[in-house]
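Enquirer: One structure, as structure tokens, below. Some questions next.
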Amino acid sequence: MSNNRRPAYLPIAIIAVVIIVIAAAVIMWFKPDNKPMATQQSLSASPTDKSESTLSTALNSEQTEQTASAQNQSAFVTGLERLPRSLRDTQVDGEIIIDENKQLVVTEGLRRLFDYFLSALGEEEEATIYARVESYIRHHTPEPAASQAVAIFGKYVAYLKALPDIEKRYGNLQLQASKSGELDLNAIAQQKQDVANLRQQYFDKTTIEAFFGAEDNYDDYSIEMVRINQNEQMSEAQKQAARQDYVSRLPDGAIKTNIMQQANLNELMARTEQMKAAGASPEALYNMRRELVGAPAAERLAQVDQEDANFDQRFTQYQTQKQRLLNQIADPAEAQIQIDQLEQQLFDDAERKRLSGYAALQETKTQ
């Protein structure tokens, strides 16, 4: 499961209203070792995209016992035998880290490891997944860290099963927001508190921070952005200043860096459109971009501008000659043959696939 994932019960609703896309916190991933760990080791992989809410719903629908039967336990050695189709040809996502005393160090990557295997719910029963995860952990992890990780996995499964009760109490916040036009921030705050209380029933503070700390920080940021956006007493300039002030007060780290990068990208897109509409020179565009995203990115964007301009020029030529062919040749089939030849002369294979969509886009701009 990806660390770019956001929990379904809150941020989806927020982002649907604010239209904010935030990159997830950067976490190092390491390739798994096939032998038991000696001191500190990580297991990494490509993500499986399934939300915490989806997992909780799937788990809640399972009728099997949490602890696997002896038959299930004996079916696995490494936990990777006979993987379900969705996990085949993938790497295990996540990490298991221990300290010099072979004690478990809980990280967000441990949650990703759990989510990776839980993403197969529906293909495998809960008991089978539980046995698979336990075998995987014990095969790669010495004691006492192995038993500590298995215990946390059991609590994580129980937590996911309990989540739907909270979600049912608050309903679909995204749907409510789309109907009313605004998000109920009081309801969101209360839901967040209920989820926080639920987490405290299953995890200690260290595990809560490791598993959910990054996404909670993003939620807080998103909520504040909504709060600012919905403040009708503020002008757009005041809102922009408030957003910048909030970001400036965030503690230094990956979250602040990602938010600032996203803000720069948003500003970059807006200013680029404004400057192009005003007829800004390539030099002016380059200087603006260099200020926001640095010289290497500004140079790449300048190259993209040149490629786009070249394509626009050829497209204009194509449209003119195409219309002339249609006017001069009475036979539609013959006209189409020559139009196809014209396309091959002016565009490569990839560009020709863009022509119909690009023509439609240009038409909407002129309306």
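The values are calculated or read from the model by the stated rules, or taken from the named source; none is laboratory data. Model, not experiment: these values are computed from the prediction. Backbone-built Cβ (ideal geometry, glycine too); neighbour counts: all protein chains shown. Remember, those area values only see protein heavy atoms, side chains included, never the ligands or the DNA or RNA. Shrake-Rupley method; radii C 1.70, N 1.55, O 1.52, S 1.80 Å.
Enquirer: Can you list residue pairs whose Cβ atoms sit under 7 Å apart, with the first residue in region 73-94 being under 16 Å from Arg138 (Cα atoms) and touching a residue at least 60 places away in the same chain (Cβ under 8 Å) and the second being among the β-branched types (Val, Ile, Thr) and open to solvent by less than 70 Å² (accessible area, probe 1.4 Å)? Count only pairs 6 or more apart in sequence or on different chains.
Expert: Qualifying pairs under 7 Å: Gly79/Val133.
Enquirer: For region 105-124, state whether one or more residues are free of Cβ contacts under 8 Å to residues at least 40 places away in the same chain, open to solvent by less than 40 Å² (accessible area, probe 1.4 Å) and assigned to a loop (DSSP other than H, G, I, E, B).
Expert: yes
Enquirer: When both residues are 6+ apart or on different chains and their Cβ atoms are under 6 Å apart, which pairs have a first residue that lies in region 236-263 and is touching a residue at least 40 places away in the same chain (Cβ under 8 Å) and closer than 24 Å to Gly294 by Cβ, and a second that is open to solvent by less than 40 Å² (accessible area, probe 1.4 Å) and not small (Gly, Ala, Ser)?
Expert: Once the first residue is touching a residue at least 40 places away in the same chain (Cβ under 8 Å) and closer than 24 Å to Gly294 by Cβ and sits in region 236-263, its partners that are open to solvent by less than 40 Å² (accessible area, probe 1.4 Å) and not small (Gly, Ala, Ser) give Ile259/Val247; Gln262/Ile22.
Enquirer: Inspect region 148-162 for any residue being farther than 30 Å from Thr78 by Cβ and part of a helix (DSSP H, G or I) and give the result as yes or no.
Expert: The answer is yes; a qualifying residue exists.
Enquirer: Among the residues of region 293-351, which ones are open to solvent by 70 Å² or more (accessible area, probe 1.4 Å) and among the β-branched types (Val, Ile, Thr)?
Expert: Those that are open to solvent by 70 Å² or more (accessible area, probe 1.4 Å) and among the β-branched types (Val, Ile, Thr): Thr316, Thr320, Ile337.
Enquirer: State all residues of region 288-346 that are over 28 Å from the mean Cα position of the chain (by Cα) and in a loop (DSSP other than H, G, I, E, B); if no residue qualifies, say none.
Expert: Ile329, Ala330, Asp331
Enquirer: Hey, another quick one. Of the residues Arg169, Arg138, Arg132, which single one is crowded, with 22+ Cβ neighbours inside 10 Å and basic (Lys, Arg)? Full working, then the answer.
Expert: On the way: Arg169 fails: crowded, with 22+ Cβ neighbours inside 10 Å; Arg138 fails: crowded, with 22+ Cβ neighbours inside 10 Å.
So the residue among Arg169, Arg138, Arg132 that is crowded, with 22+ Cβ neighbours inside 10 Å and basic (Lys, Arg) is Arg132.
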